[in-house]
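Novice: One structure coming up, written as structure tokens, with questions to follow.
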Amino acid sequence: MEMVTTVDENDNVIGSMERKQAWESGTPVRIAAIIIFNSKGNLILQKISKYKKHDPLKWTYSAAGHVDADESYEVAATREAKEELGIEGELDSHIGKVKIIRKSTGKLGAFHNVFKMYHDGPFTIDPEETDSIAEFSPTELIKMIRENPDNFNAGLLQILSLMDIK
């Protein structure tokens with residue numbers, strides 16, 4: 001049973017509950033994410049596995065996941081990098097935090113807090129989590145987003161916009 005941090009509409013911790021229960025009850029949760037840049041300045045993004053419930057086969061952050069009970073965003077972000085990509089590294093900087101509104105209810109579903117990390121791999125993916133990973137230059141990413149924004153996770157699009165990649 002995975003216990004996750006639950007929050008109010010201002011991202012203040014209100015407690016924890018089982019992950020499935022949080023989603024079913026509409027209780028907002030915290031998601032920690034990383035966007036990895038390699039030494040060429042390109043972004044490493046992940047395509048979500050077809051087996052995942054949310055946004056299968058869409059491009060998303062390099063790694064992301066729920067913040068466990070009594071865990072910080074930063075600890076969760078580095079844990080997710082290890083679990084999803086098989087890498088360890090230090091967070092470089094904070095990119096931003098966005099609110100994610102659930103399409104089904106129109107209510108707040110999660111806060112995505114996103115950090116930057118530099119890493120050149122190699123990366124090892126878990127096929128249950130990730131379909132593939134790929135490297136994109138900012139220019140290439142802008143072109144792809146303009147041509148087909150539906151290929152991207154909404155949270156990623158919001159964060160990329162904050163980074164002037166839109």
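Novice: Hey, does the stretch 113-130 have a residue that's under 23 Å from LYS20 (Cα atoms) and modelled with pLDDT of 95 or more?
Specialist: Kept after step one, since they are under 23 Å from LYS20 (Cα atoms), are these residues of the stretch 113-130: 113-114, 126-130.
Within this subset, residues satisfying the condition of being modelled with pLDDT of 95 or more are 113-114.
The answer is yes; a qualifying residue exists.
Novice: Sticking with this structure for a sec: I need every pair where a residue in the stretch 72-94 that is under 21 Å from SER132 (Cα atoms) and without any contact (Cβ under 8 Å) to a residue 12 or more places away in the chain has its Cβ under 9 Å from the Cβ of a residue that is part of a helix (DSSP H, G or I) and of a type in the set (A, V, I, L, M, F, W, C), sequence separation at least 6 or different chains.
Specialist: Qualifying pairs under 9 Å: GLU88/ALA81.
Novice: Consider ALA110 carefully, then state whether it is out of contact with any Ser or Thr (no Cβ under 7 Å at 6 or more places or on another chain), of a type in the set (Gly, Ala, Ser) and modelled with pLDDT under 95.
Specialist: Values: out of contact with any Ser or Thr (no Cβ under 7 Å at 6 or more places or on another chain): yes; of a type in the set (Gly, Ala, Ser): yes; modelled with pLDDT under 95: no.
Spelling it out, it is not the case that ALA110 is out of contact with any Ser or Thr (no Cβ under 7 Å at 6 or more places or on another chain), of a type in the set (Gly, Ala, Ser) and modelled with pLDDT under 95.
Novice: Still on this structure, please answer the following. Looking at the stretch 103-134 only, could you name the residues that are under 17 Å from ILE34 (Cα atoms), surrounded by fewer than 16 Cβ atoms within 10 Å (Cβ to Cβ) and not β-branched (Val, Ile, Thr)?
Specialist: TYR118, ASP120, GLY121, PRO122, ASP126, SER132, ALA134
Novice: Among the residues in the stretch 137-150, are any at pLDDT below 95, within 24 Å of GLY89 (Cβ to Cβ) and surrounded by 13 or more Cβ atoms within 10 Å (Cβ to Cβ)?
Specialist: no
Novice: Can you tell me how many residues within the stretch 1-57 are under 30 Å from GLU140 (Cβ atoms) and among the hydrophobic types (A, V, I, L, M, F, W, C)?
Specialist: 12
The values are calculated or read from the model by the stated rules, or taken from the named source; none is laboratory data. Bear in mind that the values here come from a model prediction, so they are computed numbers and not experimental data. Ideal geometry is used to build each Cβ from the backbone, glycine not excepted, and the neighbour counts take in all protein chains shown.
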